[in-house]
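Note sheet for the following structure.
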Amino acid sequence: MPGGGRCPDCGSAELVEDAHYSQSQLVCSDCGCVVTEGVLTTTFSDEGNLREVAYSRSTGENEQVSRSQQRGLRRVRDLCRVLQLPSTFEDTAVAYYQKAYQHPGIRAARVQKKEVLVGCCVLITCRQHNWPLTMGTICTLLYADLDMFSGTYMQIVKLLGLDVPSLCLADLVKTYCSSFKLFQASPSMPAKFMEDKEKMLSRTLQLVELADETWLVTGRHPLPVITAAAFLAWQSLQPSARLTCSLARFCKLANVDLPYPASSRLQELLAVLLRMAEQLAWLQVLKLDKRSVVKHISDLLQHRHTLIRKAFREGPSEVEAPAEELRGRVQGQEEVGNGSSGLPKGKRPASPALLLPPCMLKPPKRVCPTPPASTVTGDEDISDSEIEQYLRTPQEVRDFQRAQAAKRAATSSPNPP
């Protein structure tokens with residue numbers, strides 16, 4: 001051996017290298033002793049001293065990439081190419097994946113979580129570059145569970161200490177509505193259901209902005225709100241032919257999934273539109289309902305800001321006002337109502353509703369915990385500290401006796417004339 005080592009058994013310096021499968025070993029040619037069995041990586045000094053180096057302490061562990069990490073890196077690049085992202089996005093997503101994979105909690109995670117990690121790194125990159133991409137799109141491409149994806153996404157953002165801006169709602173509307181099949185002619189699409197893309201995008205944006213101004217978007221998933229707004233926008237462009245179409249059929253025609261809360265968001269949007277329609281003079285004579293109000297969406301959106309101020313109050317200002325001011329205001333309103341309109345008390349127009357989030361208008365009922373029943377029987381144990389409170393010291397006993405004697409003397413003596 002060039003380093004001058006000797007066999008530990010016979011002391012011979014005739015050591016030769018013998019390739020055994022994939023590992024190169026040092027064997028003594030005189031006695032046949034295997035000197036360096038199972039050595040994967042060594043340093044120059046260790047080879048000279050014939051000392052084995054554990055693989056966990058060698059440089060080979062850091063240099064070699066595991067199969068799971070190699071597969072994940074390939075998946076990151078493939079996903080970026082499927083989404084047709086720029087090359088800079090791909091490099092950033094790969095760097096995030098490599099950095100996240102170094103954490104022990106990620107490296108030892110299940111295969112499903114490592115698969116979700118691929119989409120999380122791509123989504124973080126797109127959000128940082130303001131690229132309109134939704135979490136649902138990546139979950140569909142990866143066949144991943146949305147709850148697991150969202151949890152892993154928040155974990156990676158916290159582990160890496162990244163600053164990820166939220167997705168712009170207008171960009172999300174354009175990206176989501178552009179995937180609808182309503183803008184392309186096909187044999188399965190009736191002509192009355194086809195619509196111009198720009199017109200529908202413009203009206204959908206206005207309806208989403210209206211929902212945002214009336215607290216229907218805050219704290220909620222945006223896709224159900226966008227789906228309901230797109231459905232109303234599509235109906236309002238040709239109401240005579242589309243009012244009979246349901247929300248489920250609309251999603252089927254558009255080739256998108258129907259989100260579960262979309263029906264509730266649709267009813268909330270229609271309720272807001274009905275409130276606004278009550279403030280327009282030419283619509284007050286019509287008995288509008290949630291179906292017929294769709295025909296007048298263009299007029300309502302044209303005067304959106306004024307109608308919102310008239311239909312809703314900004315907050316509970318009347319509750320916080322002084323009682324005297326409230327009383328005077330109510331009396332003034334009664335005089336004006338009785339003098340000008342002459343309507344009976346039950347027929348007066350209702351006051352504007354509060355403009356508050358739905359969670360505050362209809363708060364969930366909380367279960368009141370039942371207090372534990374306390375029953376006193378008199379047989380409870382008395383602690384020593386409590387007993388000591390009732391014991392008197394000798395001085396207290398003498399004082400009590402003097403007080404009792406003075407009381408008896410005062411009662412036995414006759415009253416002075």
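The values are calculated or read from the model by the stated rules, or taken from the named source; none is laboratory data. Everything quoted here is computed from the prediction, not taken from an experiment. Note: ideal-geometry Cβ built from the backbone for every residue, glycine included; neighbour counts use all protein chains shown. Each accessible area value is taken on the protein alone, full model and side chains, heavy atoms only, with ligands, DNA and RNA left out. Shrake-Rupley method; radii C 1.70, N 1.55, O 1.52, S 1.80 Å.
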* Asked: What ³J(HN,Hα) values, in whole Hz, does the Karplus curve 6.51 cos²θ - 1.76 cosθ + 1.60 give for region 236-250 when θ = phi - 60°, with x put for Gly and Pro?
  -> 6, 6, 9, x, 5, 9, 10, 5, 7, 7, 8, 5, 5, 5, 4
* Pull out a ≥ b ≥ c, the square roots of the eigenvalues of the alpha-carbon gyration tensor of region 107-195, then state rounded if a/c is under 1.5, prolate if not and a/b is larger than b/c, and oblate in the remaining case. => oblate
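From the square roots a ≥ b ≥ c of the eigenvalues of the alpha-carbon gyration tensor of region 102-159, which class results: rounded (a/c under 1.5), prolate (a/b over b/c), or oblate? Display every interim value, and only then the final one.
Working: a/c = 2.21, a/b = 1.33, b/c = 1.66.
Oblate.
When the accessible area of region 181-256 is computed with all protein chains present and a 1.4 Å probe, what percentage of it is carbon and sulfur? Before the final figure, lay out each step's value.
Values: 1780 of 3470 Å².
Carbon and sulfur: 51 percent of the exposed surface of region 181-256.
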* Structure fact -> Taking the alpha-carbon centre of each part, the distance from region 153-231 to region 73-131 in Å is 24
* To do: Mind pulling up the Rg/Rh value for region 178-321? Radius of gyration and Kirkwood radius, both on Cα.
  => 1.00
* **Hz values of 3J(HN,Hα) by residue in region 209-222 - Karplus curve (6.51, -1.76, 1.60), Gly and Pro given as x** => 5, 5, 5, 5, 6, 9, 6, 8, 10, 4, x, 10, 5, x
* **Long-range HN-HN contacts of TRP215 with modeled amide H, under 5 Å** => none
* Might you tell me the accessible area per residue for region 254-294, computed with a 1.4 Å probe and given in Å²? => 58
* Structure fact -> For region 234-295 the mean separation of alpha carbon contacts under 8 Å (6+ apart) over residue count, i.e. relative contact order in percent, is 38
* Lys/Arg Cβ at +1, Asp/Glu Cβ at -1, dipole of region 165-231 taken about the Cα centre: which of VAL217, SER202, MET189 is farthest positive-ward? -> MET189
* Give the calculated FRET efficiency between ASP289 and GLN128 to the nearest 0.05, with a Förster radius of 41 Å applied to their Cβ-Cβ distance. => 0.35
* Output ³J(HN,Hα) for region 135-142: one whole-Hz value per residue in order, computed from phi by the Karplus curve 6.51 cos²θ - 1.76 cosθ + 1.60 with θ = phi - 60°, and x for Gly and Pro. => 5, x, 5, 5, 4, 5, 5, 9
* Structure fact -> Amide H proximity to GLN25 below 5 Å, modelled H, separation 5+ or other chain, gives ASP18, ALA19, HIS20
